[in-house]
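Read the structure below first, then the notes.
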Amino acid sequence: MGLEWSSPEERQALLSPSGPRGPRVFGRRWLVLLLFSLLAFLQGLLFNTWGPIQNSARAAYGFSSLDIALLVLWGPIGFLPCFLFMWLMDKRGLRVTVLLTSFLTVLGAGLRCVPVADLLFRRRLIHGGQLLNGLAGPTVMTAAPFLSTTWFSPDERATATAVASMMNYLGSACAFLVGPLIVPPPNVTSNLPQGLEHFGTIKDRIEEVLYAEFGVTAVLFMAIVAYFPSRPPVPPSVAAASRRLSYRSSICKLLSNVHFLLLVLAYSIPLGFYAGWYGVLDLILTPVHISQVDAGWIGFWSLVGGCILGIVVGRFADSIRGVLKLILVILFSGATLSATWFTLTFLSNVTHLPLTAATLYTSCILVGVFLNGTVPIFFELFVETVYPIPEGIACGLVTFLSNVFMGVLLLFLTFYHTDVSWLNWCLTGSSLLSLLLILCFRESYDRLYLDVFVSV
């Protein structure tokens, strides 16, 4: 589909598939993947710091409902300069882009730790830190296919994309675990009397989390400064060495391609809704008497299960090529059924489905597993469909639109947060819509075609 957009000269490989400088992979690719994955992990961890402990944050810092919504909203707001990061990746490569991203992450983490007594000023610093961390989002959420193409062979690309793209979600999942386990909720006194002393303990625990996150982020930043090359000495495949379309031409081609936009909607709508949905999962589950800790565990296993499934299906896609659409159909079928189950469980008076912790745990976790598992498959299909458009530009535009959907949803929640049960219906409907869009999509594998036939 993308091959007719470019001239034969633009598709010409920069190296010969046979010869002294043919495609080659280097062992250092795993170190590059590890550093990038850790950066994505920490960015996701910092992004989701406040959602799982929002009740504790209200008590310790005086956060309002608007503050809590904004702390999540800074993530999609950080995607507004997404096209700048896409341009930087296309023109300057991975090292410069990842260095800037890592610097924004460590600066944001440090800003949240500045010890000031004025709670109003402290809240503003925390908001500023979350915004800086949000600005790091475009790189960690879009550069995975570019990294895998630059460093990995064709039979490892989907696996590398899955690992790099899933680590951000895994970081968000660990926030569901770390926050509620370390920070006590305001309605639990442990061995302390309820009052100022207890609220001081909550604040101290939150401070411990913030300082620990800053320390780990600073160490990773120094490691990236020490070693993170833009590209290997020799490209790992023919497609990695081929010429690509320019930045301006790529944007124009993407926005004018109906098939690509169809796939963009299939990705952006459900993933954007899901990101906003699990960001307020505690509020959704509160009416059915699920505690903050239990909601954290549900969110944790939803994201972890999705990460594991995403890596497994990525490896499967490397082993059996040309089945990306089939994988998406299966995953979205599971997501639609699970979301329907979860939604109807809240209407137990009508549907007579058992409203128990077990059913809520199972259905909610399955939704996250199936939806998060689609991310690396979507990324690979995007790149295959629009090749020779650069990977970072294609996936950057897609992720930007997904964050637009998430941002609109969170803005609405900011002004209408008393009853969020309608989000369940939105999640179910968006999953079904994406399943129908994928069924109508005509897949193509232009990059794989170049690697297989030119290499042969």
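Database remark: amide H of SER242 closer than 5 angstrom to the amide H of LEU14 (H placed geometrically; neighbours at sequence offset of 5 or more, or on other chains; Pro and chain starts carry no H). Over the chain, dividing the summed -39,500 (n - 2.57) contributions of all DSSP H runs of at least 4 residues by the number of residues returns a 222 nm mean residue ellipticity of -23500 deg cm²/dmol. The accessible surface of the chain, taken with every protein chain in place and a 1.4 Å probe, is 70 percent carbon and sulfur. Per-residue packing, averaged as other Cβ atoms within 10 Å, sorts the ranges 98-109, 137-148 into the order 137-148, 98-109, beginning with the highest. Heavy-atom accessible surface of the chain, averaged per residue, reaches 39 Å², computed with a 1.4 Å probe.
Given the alternatives [x] 224; [y] 135; [z] 164, volume of the Cα convex hull per residue in Å³ as computed for this entry is given by [y]. The alpha carbon convex hull volume per residue for the range 21-110 rounds to 120 Å³. Membrane-span-like helices in the chain, defined purely by DSSP H runs whose alpha carbon atoms cover 20 Å or more axially and whose average Kyte-Doolittle hydropathy reaches -0.5, are 29-47, 94-111, 119-135, 157-182, 196-226, 258-279, 292-319, 324-345, 357-373, 391-415, 422-440.
The values are calculated or read from the model by the stated rules, or taken from the named source; none is laboratory data. Values in this document were obtained by computation on a predicted structure and should not be read as measured data. Note that we place each Cβ from the backbone using ideal geometry, even for glycine, and neighbour counts take in every protein chain shown. Ligands, DNA and RNA are excluded from the accessible area calculation, which covers all protein heavy atoms including side chains. Shrake-Rupley method; radii C 1.70, N 1.55, O 1.52, S 1.80 Å.
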